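Peer 1: Supplied in structure tokens, the structure appears directly below.
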Amino acid sequence: MEIGIVGDIGSGKTYISRKFNYPVFNADEEIKKIYEKNYRCYLKLKKKFPKQITKFPISKNELSKLILKNGANLKKIGKVVHPYVSKNLKLFLSKNKNKKNVVLDIPLLIENKISTKNLILIFVETKKKEILKRLEKRPNFNKKLFNLIKKNQIALQLKKKKCKFVIKNDFNKVSLKKSISEIKKKIDKYD
């Protein structure tokens, strides 16, 4: 069974993904590795943006500047990077095919139509003010970049409707543990 964790940027998806205690595929971590280690990806991005992509490993700062300069660059970057993420996802699923369940922490899981017949979606619901408070603590937080990225995502209410379960993230470890435990019991019934 594949458990897809979706929700808003900064809603706590990664934290919750890890609390299921199943193998986790974290797309953000995979992208970071691709930027740091995948020279082919670098060459493809350099070919697309020869003046802006100047060094390897790929600088997230350079990519952020590209996106801020022109929001359409986000999709162009995605077209280069996503095939590498998909390849890594296939490897992860193959490696964990004998595990009872796996968790997919992929921000654009629904938008990129990454779906299998065994996918159960869980929506992480968090108050907007809590999200902004958390995001503003991040060292490289840029509100303009945040808004550009959000424009490429489907509306949260639509995401929520596509999900089987909802976890209300109030950042209270005890209530989160209880919610996750209840969902795990329900998921076990599907097996």
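Peer 1: Any residue in segment 17-43 that's farther than 30 Å from LYS186 by Cα: show its pairings with residues that are β-branched (Val, Ile, Thr) and not in a helix (DSSP H, G or I) at Cβ separation under 9 Å, as long as the two are six or more apart or on different chains.
Peer 2: Note: pairs meeting the criteria are ILE34/ILE58; TYR35/ILE58; GLU36/ILE58; ASN38/ILE58; CYS41/ILE58; TYR42/ILE53; TYR42/ILE58.
Peer 1: A further question on this structure: For PHE141, state whether it is of a type in the set (Phe, Trp, Tyr) and open to solvent by 30 Å² or more (accessible area, probe 1.4 Å).
Peer 2: Numbers: of a type in the set (Phe, Trp, Tyr): yes; open to solvent by 30 Å² or more (accessible area, probe 1.4 Å): yes.
Considered against the rule, which asks whether it is of a type in the set (Phe, Trp, Tyr) and open to solvent by 30 Å² or more (accessible area, probe 1.4 Å), PHE141 comes out as yes.
Peer 1: Kindly list the number of the only condition in (1) open to solvent by less than 40 Å² (accessible area, probe 1.4 Å); (2) assigned to a loop (DSSP other than H, G, I, E, B) that fails for ASN21.
Peer 2: Among (1) open to solvent by less than 40 Å² (accessible area, probe 1.4 Å); (2) assigned to a loop (DSSP other than H, G, I, E, B), ASN21 violates only (1).
Peer 1: Pairs please, first residue from segment 164-191 and surrounded by 11 or more Cβ atoms within 10 Å (Cβ to Cβ), second anywhere and modelled with pLDDT of 95 or more and of a type in the set (Asp, Glu), Cβ atoms under 8 Å, 6+ apart in sequence or on different chains.
Peer 2: The qualifying pairs are VAL166/GLU125; ILE167/GLU125; LYS168/GLU125; ASN169/GLU125.
Peer 1: Could you list, ordered by first residue, the pairs with Cβ atoms under 8 Å in which the first is in segment 45-73 and more than 20 Å from PHE141 (Cα to Cα) and at pLDDT 95 or above and the second is assigned to a loop (DSSP other than H, G, I, E, B) and of a type outside the set (Asp, Glu), at least 6 apart or interchain?
Peer 2: Taking only residues 6 or more apart or on different chains, the pairs are LEU45/ILE53; LEU45/ILE58; LYS46/ILE53.
Peer 1: Which members of segment 86-120 meet the condition of being open to solvent by 20 Å² or more (accessible area, probe 1.4 Å), touching a Phe, Trp or Tyr at 6+ places or on another chain (Cβ under 8 Å) and within 19 Å of LYS189 (Cβ to Cβ)?
Peer 2: Hits for segment 86-120 are LYS99, LYS100.
Peer 1: Follow-up. Looking at LEU135, is it open to solvent by less than 60 Å² (accessible area, probe 1.4 Å), of a type in the set (A, V, I, L, M) and more than 23 Å from LYS185 (Cβ to Cβ)? Break it down stepwise before answering.
Peer 2: Details: open to solvent by less than 60 Å² (accessible area, probe 1.4 Å): yes; of a type in the set (A, V, I, L, M): yes; more than 23 Å from LYS185 (Cβ to Cβ): yes.
So LEU135 passes the test.
Peer 1: Still on this model: If LEU158 meets every condition in (1) hydrophobic (A, V, I, L, M, F, W, C); (2) exposed (fewer than 11 other Cβ atoms within 10 Å of the Cβ); (3) part of a strand (DSSP E or B) apart from one, which number is that one?
Peer 2: (3)
The values are calculated or read from the model by the stated rules, or taken from the named source; none is laboratory data. These numbers were taken from a predicted model, which means no experiment stands behind them. Here Cβ is always computed from backbone atoms with ideal geometry, including for glycine, and neighbour counts include all displayed protein chains. These area figures cover heavy atoms from the full protein model, side chains too; ligands, DNA and RNA do not enter into them. Shrake-Rupley method; radii C 1.70, N 1.55, O 1.52, S 1.80 Å.
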